[in-house]
Structures are given as C-alpha cells and as structure tokens.
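Engineer: Pasting a structure here, questions to come.
The values are calculated or read from the model by the stated rules, or taken from the named source; none is laboratory data. Here the structure is a predicted model, which means the values were calculated and not measured. Glycine also receives a Cβ, built like all others from the backbone with ideal geometry; neighbour counts cover every protein chain displayed.
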Amino acid sequence: MKKLLINIKEQKQVSYPIFIGEDILFKITSLCDLSKYSKIAVVTDKVVEKLLLKNSRQFLPENSFIIVLPYGERAKNIDCVEEIWRELFENGCDRKSIVINIGGGVITDIGGFAASTYMRGIPFINAPTTLLSQVDASIGGKTGINFNEIKNLVGTFDQPKAIIIDTSVLKTLPEREFVSGFGEIIKHGLISDKNYFEYVTSKKPYEFTQEELVGIIEKSCELKGSFVGEDEKEGELRKTINFGHTIGHALESLSFETDKPLTHGEAISIGMVAESYISVFTNLLKENEIGIIKNGFVHAGLPISYKNIDEKRVLEKIKGDKKNERGLTNFTLLRGIGKSLINQKVSSKIILDALKKINEL
Ligand SMILES: NC(=O)c1ccc[n+]([C@@H]2O[C@H](COP(=O)([O-])OP(=O)(O)OC[C@H]3O[C@@H](n4cnc5c(N)ncnc54)[C@H](O)[C@@H]3O)[C@@H](O)[C@H]2O)c1
Ligand SMILES: [Zn+2]
C-alpha cells in the first residue's frame with residue numbers, strides 16, 4: 001500500500017493522506033481512526049451498495065449506517081442532498097459525526113457537499129470506487145451538485161479527512177466507465193506532462209497490467225494533488241485542470257436531454273478536442289499536434305466528436321458556466337502537448353468554429 005500526502009499550502013495546517021492499495025476499503029478502521037466520531041454515515045449509490053457493501057457490518061463500526069442514493073449523474077441534485085441531510089438528522093448525526101462517501105464521482109461530489117453544509121460542515125472521507133473518481137474527482141476538495149441543468153453550479157470547497165483508493169474494487173467496473181477514467185488521466189498528461197500523455201496513450205486502457213494501472217493512479221493523484229495543493233480555491237494554478245471542461249460540461253448537460261447521455265470522461269474528451277482546436281485557432285497549438293491528441297483519445301476508446309449538436313445551445317450553456325468572468329468566456333488552452341495556459345479569453349466566433357469541427361469529425 002502507498003500513502004501520499006496532499007498539502008494545501010494556502011491553509012498551512014491542512015493536509016490529508018491518500019491511501020492507495022488492494023483490498024484496503026475493508027481495512028478502513030485501521031487506516032482512519034473512526035472511534036472518535038459519534039456516528040458514521042456512509043453515502044453510496046444502489047449499484048455500489050450491492051457490489052461492495054453487502055457485508056459492510058463486518059468492516060464498518062457499530063455506530064454506522066448507510067444512505068443509498070440512485071446511481072448516476074441524475075442523482076447529483078438538490079433532492080438527493082435533502083435526502084442525505086434528512087437521514088443524517090434522523091439518525092442523530094451531530095457535529096461530531098463523519099460521512100464516508102463510497103462510490104464514483106457523483107457520490108464523492110454530492111456526499112462531500114451534503115457533509116460540508118450539514119450543521120455548517122461535518123468531516124468526510126472519500127472512498128472512490130470508479131477509476132475516474134480515484135484519479136480525479138475525489139481529490140482536491142471540490143464538492144457540488146448540478147442545478148438548473150448546469151453542471152456543478154452549486155457547491156463548496158471542502159477537503160476530505162482522507163482518501164481511500166482501493167484498486168481491487170475496479171474489477172467490477174463496466175468497460176465504458178473504466179475507459180471514461182482515462183479521459184481525466186489523458187488530461188493530466190496533456191496539461192502538464194508530455195511523457196505521461198505518451199505513456200497513458202501508448203496502450204489501450206485494458207492493456208495496462210494491474211501493476212501499471214496502480215502506477216497510473218498514483219501518478220495522476222500526484223499530478224492532481226500538485227495543482228490543487230498549490231491553490232485550493234479557484235485561483236490561478238487550479239484553473240489548469242479545467243482544460244476540456246468548459247465545452248465538455250456543456251455537452252455533458254445537453255447529452256442528458258437525449259437517450260444517449262455521455263459519461264463525464266467521454267464529455268471532457270470531446271471537450272478537450274474542441275478546446276485543442278481553439279488552441280490552434282488562437283495560434284497556441286500546432287496543427288499537427290491536434291492529430292496526435294485526437295489519436296490518443298481514439299486509441300483509448302474515447303469519443304472525439306459529437307454529431308448533430310445545436311452549436312448555439314452549446315454556446316448558451318457555456319455562457320452559464322461559472323468559469324466565465326464578467327461575461328467573457330475563460331478557457332484553459334494548450335500551448336503544446338504537456339503545456340497549458342490559463343485565463344485565455346475566447347470570442348463566441350472561435351468557440352462556434354471549434355464546435356463545428358467536433359460536429360464534422
Ligand atoms: N469534484 C471534482 O473535482 C470532480 C472531478 C471530476 C469529475 N467530477 C464529477 O464526477 C462525476 C463522474 O464520476 P464517475 O464517472 O465516477 O460517475 P458515477 O459516480 O456516476 O459512476 C459511474 C457508474 O459506475 C458505477 N460504479 C461505481 N463504482 C463501481 C464499481 N466499483 N463497480 C461497478 N460499478 C461501479 C456507479 O454506480 C455509476 O453507475 C461527474 O458528476 C463529474 O462532474 C468531479
Ligand atoms: Zn472532470
């Protein structure tokens with residue numbers, strides 16, 4: 001088992017461990033001291049409960065109980081937050097209680113949000129169970145829900161007490177969800193480390209051995225930790241990890257109106273291709289590099305286009321994004337593979353041109 005430490009420099013005293021290893025979820029009480037908490041509320045979804053928590057009595061303390069939400073992005077809403085708050089209250093949770101989020105990014109986002117607002121904030125631990133949440137969503141302290149059909153419109157910054165990454169739980173993850181995690185992994189390479197980009201796109205996701213996969217999870221946790229550790233709130237360095245997300249989030253939200261919703265990793269892959277085009281149109285990225293980027297996503301099994309999008313509606317969604325400042329659309333762009341540039345203001349015309357590209361591909 002490996003233990004990483006995330007240090008939040010703005011708040012010198014805040015640091016928390018990330019435990020990474022096989023079968024460690026079931027050893028949670030030996031990794032984290034849960035004896036000091038009055039109640040332990042586990043937040044999970046239906047699928048994860050069935051797969052991982054059937055024998056939870058054997059590894060969770062007596063004073064714990066489980067809150068089960070529906071699965072998937074549609075559960076990331078205010079009604080489910082209310083459900084968590086209600087169950088916390090009805091089960092007698094007080095300021096000395098703790099929440100443990102066991103699930104994918106939806107659960108770590110919503111469970112973290114409910115914990116950080118209940119009684120003005122109680123502590124929480126993340127135990128991410130999808131690849132995407134292990135390498136990205138569970139780290140960094142962003143919590144939140146979707147509101148008014150805009151992704152993550154309401155949320156808080158609140159750091160978990162610890163993160164427990166049990167790599168053996170990935171065995172049951174459907175292939176599409178596993179590949180989705182590579183969307184964020186490839187992003188980590190694109191924004192900061194060319195060698196890492198080349199390595200993680202050198203094989204198809206399923207061709208990496210278990211040992212190599214654990215190495216990738218550790219490296220991505222370190223990279224994400226280095227961005228958010230420097231800068232907990234949406235300051236400068238942290239904006240780097242938004243690459244692909246301005247357009248990606250708009251596509252993700254709109255796809256929920258169709259019968260073929262995108263996963264988060266799929267949406268940001270298309271978003272990264274579109275934002276790479278913006279990088280080319282603004283003379284930051286070379287034309288030939290976009291080919292390498294697209295091949296990387298295709299090789300991983302991730303989409304690079306989105307047919308029949310209503311470009312104007314995507315633009316409307318983008319305008320509602322909280323990354324906008326004073327009406328201007330703020331992008332993180334690439335100035336080469338492994339090099340990013342934040343705070344790039346882009347006109348609607350260039351955004352529309354990039355959307356046309358991903359509509360055509
Ligand atoms: N806070 C952040 O910094 C951050 C970063 C990236 C993404 N996110 C958010 O994360 C969410 C996406 O996360 P996700 O891709 O994990 O989605 P998810 O939580 O919906 O999980 C995907 C599916 O996998 C199932 N599942 C979970 N663990 C499983 C397992 N071990 N075996 C089998 N099935 C399992 C879930 O029930 C769900 O159906 C999005 O809402 C996105 O906005 C947040
Ligand atoms: Zn993301």
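Engineer: In the set SER269, SER279, SER305, which member is of a type outside the set (Phe, Trp, Tyr), within 24 Å of the chain's Cα centre (by Cα) and over 30 Å from PRO174 (Cα atoms)? Working first, answer last.
Structural biologist: Details: SER269 fails: over 30 Å from PRO174 (Cα atoms); SER305 fails: over 30 Å from PRO174 (Cα atoms).
Going through SER269, SER279, SER305 in turn, just one is of a type outside the set (Phe, Trp, Tyr), within 24 Å of the chain's Cα centre (by Cα) and over 30 Å from PRO174 (Cα atoms): SER279.
Engineer: Out of SER269, SER253, report the one residue that is outside the structural domain of ALA75 (by TED's automatic domain parsing), within 16 Å of ligand 2 (Cβ to nearest atom) and more than 26 Å from LYS204 (Cα to Cα).
Structural biologist: Going through SER269, SER253 in turn, the sole match is SER253.
Engineer: Which ones in the stretch 113-137 are of a type in the set (Gly, Ala, Ser), away from ligand 2 (no atom under 15 Å from the Cβ) and either free of Cβ contacts under 8 Å to residues at least 24 places away in the same chain or buried (at least 24 other Cβ atoms within 10 Å of the Cβ) (or both)?
Structural biologist: ALA114, ALA115, ALA127
Engineer: A further question follows. Identify all residues within the stretch 126-166 that are aromatic (Phe, Trp, Tyr) and closer than 24 Å to GLU222 by Cβ; write none if there are none.
Structural biologist: Filtering the stretch 126-166 down to residues aromatic (Phe, Trp, Tyr) leaves 147, 157.
Hit for the stretch 126-166 is PHE157, nothing else.
Engineer: Only one of LEU237, LEU251 is within 16 Å of ligand 1 (Cβ to nearest atom), over 30 Å from MET1 (Cβ atoms) and more than 14 Å from the chain's Cα centre (by Cα); which?
Structural biologist: Answer to the selection: LEU251.
Engineer: Of the residues ILE66, ILE84, ILE28, which is on the phi < 0 side of the Ramachandran plot, in a strand (DSSP E or B) and more than 16 Å from ligand 2 (Cβ to nearest atom)?
Structural biologist: ILE66
Engineer: Mind checking which helices (runs of 4 or more DSSP H) fall wholly inside the stretch 243-361 and carry at least 2 residues that are at negative phi and modelled with pLDDT of 95 or more?
Structural biologist: Numbers: elements: 245-255, 264-281, 287-300, 311-319, 348-360.
Filter on the stretch 243-361 gives 245-255, 264-281, 287-300, 348-360.
Engineer: Also, I was wondering about something else. Say we look at the stretch 9-50 and pick out the residues that are surrounded by fewer than 17 Cβ atoms within 10 Å (Cβ to Cβ) and among the acidic types (Asp, Glu); which of these is modelled with the lowest pLDDT?
Structural biologist: GLU10
Engineer: So, in the stretch 105-130, of the ones that are part of a loop (DSSP other than H, G, I, E, B) and within 13 Å of ligand 1 (Cβ to nearest atom), which residue ends up farthest from ILE24 (Cα to Cα)?
Structural biologist: THR130
Engineer: Condition (residue is buried (at least 17 other Cβ atoms within 10 Å of the Cβ) and within 16 Å of ligand 2 (Cβ to nearest atom)) applied to the stretch 90-98: is it met by at least one residue?
Structural biologist: The answer is no; no qualifying residue exists.
Engineer: A further question follows. Output the residues belonging to the stretch 51-83 that are under 18 Å from PHE26 (Cβ atoms), near ligand 1 (Cβ under 9 Å from one of its atoms) and surrounded by fewer than 16 Cβ atoms within 10 Å (Cβ to Cβ).
Structural biologist: LEU51
Engineer: From (1) modelled with pLDDT of 95 or more; (2) surrounded by 18 or more Cβ atoms within 10 Å (Cβ to Cβ), pick out the condition that doesn't hold for ILE6.
Structural biologist: (1)
Engineer: With the requirement that a residue be surrounded by 14 or more Cβ atoms within 10 Å (Cβ to Cβ), assigned to a helix (DSSP H, G or I) and of a type in the set (Asp, Glu), what does the stretch 188-224 give you?
Structural biologist: GLU198, GLU218, GLU222
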